[in-house]
Number of protein chains: 2
Amino acid sequence: MDWVKAKIRNIPDFPKPGILFKDITPLIKCPETFRRITDALHGHYHDEKIDGIVAIESRGFIFGSALAYAMGLPFHIVRKPGKLPPETIDISYDLEYGTDSLEIHTTQIEAGERVLIIDDLLATGGTVKATKELIGKLRGEVAACAFVIELAFLGGRKRLGPTPVFSLAIYEDE
Amino acid sequence: MDWVKAKIRNIPDFPKPGILFKDITPLIKCPETFRRITDALHGHYHDEKIDGIVAIESRGFIFGSALAYAMGLPFHIVRKPGKLPPETIDISYDLEYGTDSLEIHTTQIEAGERVLIIDDLLATGGTVKATKELIGKLRGEVAACAFVIELAFLGGRKRLGPTPVFSLAIYEDE
């Protein structure tokens, strides 16, 4: 959607050389754009059975929170290790170099709850795939994944299949 | 407000021995409570001239985002070092042991913009005081500070004066 792309700031060589960083702060600085993003996501899932929203720390909180408020749904957060008090379960996943992990409260999601995972950006999909597994451990169901930005050339959507993916601003190449 | 306190989970000895951690995840898991929190904050500032919302990473994003959406105001984020692309300005502040710092985009806030700072919890007020100074550097004005939880026995409110402080759940002692 061009009205989303028009507000994204491209920053070369951040956080390291060769990376073209997508800065979402202009999107949220503009109240009309932020509302339109939230309403577009809400509209997309209007006829779906969604029981809760799961957001990934920390930019995911920004878009997930407004969406959970707008949709009137439970809001769940997935965090980096050590941020959530007990009891939590965690999952490790591979990065380009090394590994990272994510945590969620064991009581956060009900068995059978159908959740929508939201994050600001879909790249290779590693973090979101790990989040899916975390939800699976709690016997929740991932109904769909939504993103403001998708870097399609990194193949994240394929990695998340068969879960449906919806993104507002899709970049086919770098 | 008792309906807020009723949903807060007290976790002893987290993140370290002797600390009674206030867990806000049950607040946001309950859509009615999350809506009521957002609407209570919105209602409190309804007749104030507020031009923007500033939230502090990362639990501040949760409550700030929904509030910015509900109020139709620009949403600004203050982050830990190295998370925001250039150009940023930063500020250092003292912790119990050592120092920490916060960053914001130099173009984030307009000169003269009257902002509301929001975070999940007011403790000693060090982080929020640093955020006030950061906003001052951009020649913004801090109209008020709002919190879901205030640990009044730690004296943060006094440290933020004369800026008005509003909190939904105030704990007078530990």
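The values are calculated or read from the model by the stated rules, or taken from the named source; none is laboratory data. Since this is a predicted model, take the numbers as computed values, not measurements. For neighbour counting, all protein chains shown are included, and Cβ atoms are generated from backbone atoms with ideal geometry for every residue, glycine included. Accessible surface areas use protein heavy atoms only, side chains included; no ligands, DNA or RNA. Shrake-Rupley method; radii C 1.70, N 1.55, O 1.52, S 1.80 Å.
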A:Glu96 fails exactly one of (1) modelled with pLDDT of 95 or more; (2) away from chain B (no Cβ under 14 Å); (3) assigned to a loop (DSSP other than H, G, I, E, B), namely (1)
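Can you tell which of B:Glu103, B:Glu174, B:Glu133 is under 30 Å from A:Ile19 (Cβ atoms) and charged (D, E, K, R)?
Details: B:Glu174 fails: under 30 Å from A:Ile19 (Cβ atoms); B:Glu133 fails: under 30 Å from A:Ile19 (Cβ atoms).
Of B:Glu103, B:Glu174, B:Glu133, the one residue that is under 30 Å from A:Ile19 (Cβ atoms) and charged (D, E, K, R) is B:Glu103.
Tell me whether region A:44-51 contains one or more residues that are facing chain B (nearest Cβ under 9 Å) and closer than 19 Å to A:Gly140 by Cβ. Please lay out each step first, then the result.
Looking only at region A:44-51, we keep the residues that are facing chain B (nearest Cβ under 9 Å), and these are none.
No, region A:44-51 has no match at all.
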Filter result for the condition that a residue is more than 8 Å from chain B (Cβ to nearest Cβ) and open to solvent by 70 Å² or more (accessible area, probe 1.4 Å), over A:Glu32, A:Glu103: A:Glu32
Looking at region B:113-149, which of its residues are open to solvent by less than 40 Å² (accessible area, probe 1.4 Å) and over 22 Å from B:Leu84 (Cα atoms)? B:Leu122, B:Ala123, B:Gly125, B:Ala143, B:Ala144, B:Cys145, B:Ala146, B:Phe147, B:Val148, B:Ile149
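Just to verify a result, which residue in region B:116-132, among those that are in a strand (DSSP E or B) and hydrophobic (A, V, I, L, M, F, W, C), is nearest to the chain's Cα centre (by Cα)? Walk me through how you get there before you give the answer.
Looking only at region B:116-132, we keep the residues that are in a strand (DSSP E or B), and these are B:116-122.
Of the ones still in play, those that are also hydrophobic (A, V, I, L, M, F, W, C) are B:116-118, B:121-122.
Working: B:Leu116: 9, B:Ile117: 5, B:Ile118: 3, B:Leu121: 6, B:Leu122: 7 Å.
So, considering only residues that are in a strand (DSSP E or B) and hydrophobic (A, V, I, L, M, F, W, C), the one nearest to the chain's Cα centre (by Cα) is B:Ile118.
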Of the residues in region A:15-54, those that are modelled with pLDDT under 95, under 17 Å from A:Leu122 (Cα atoms) and not in a strand (DSSP E or B) come to A:Pro15, A:Ile19
Being more than 17 Å from B:Ile117 (Cβ to Cβ) and out of contact with any Asp or Glu (no Cβ under 8 Å at 6 or more places or on another chain) is the filter; apply it to region B:155-174 and report the residue that is surrounded by the most Cβ atoms within 10 Å (Cβ to Cβ). B:Gly155
Say whether the condition of being open to solvent by less than 60 Å² (accessible area, probe 1.4 Å) and either within 10 Å of chain A (Cβ to nearest Cβ) or not hydrophobic (A, V, I, L, M, F, W, C) (or both) is met by at least one residue in region B:1-8. no
Restrict the check to region B:76-83 and report whether at least one residue is exposed (fewer than 14 other Cβ atoms within 10 Å of the Cβ) and at the interface with chain A (Cβ under 9 Å from one of its Cβ atoms). yes
Of the conditions (1) surrounded by fewer than 21 Cβ atoms within 10 Å (Cβ to Cβ); (2) among the hydroxyl-bearing types (Ser, Thr, Tyr); (3) out of contact with any helix residue (DSSP H, G or I) (no Cβ under 7 Å at 6 or more places or on another chain), A:Thr25 fails just one. Which one is it? (1)
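Of these, B:Ala152, B:Ala70, which one is open to solvent by less than 40 Å² (accessible area, probe 1.4 Å) and without any contact (Cβ under 8 Å) to a residue 24 or more places away in the chain?
Numbers: B:Ala70 fails: without any contact (Cβ under 8 Å) to a residue 24 or more places away in the chain.
Criteria check complete, one pass: B:Ala152.
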Hey, does region B:58-70 have a residue that's more than 19 Å from A:Leu67 (Cβ to Cβ) and under 18 Å from the mean Cα position of the chain (by Cα)? no
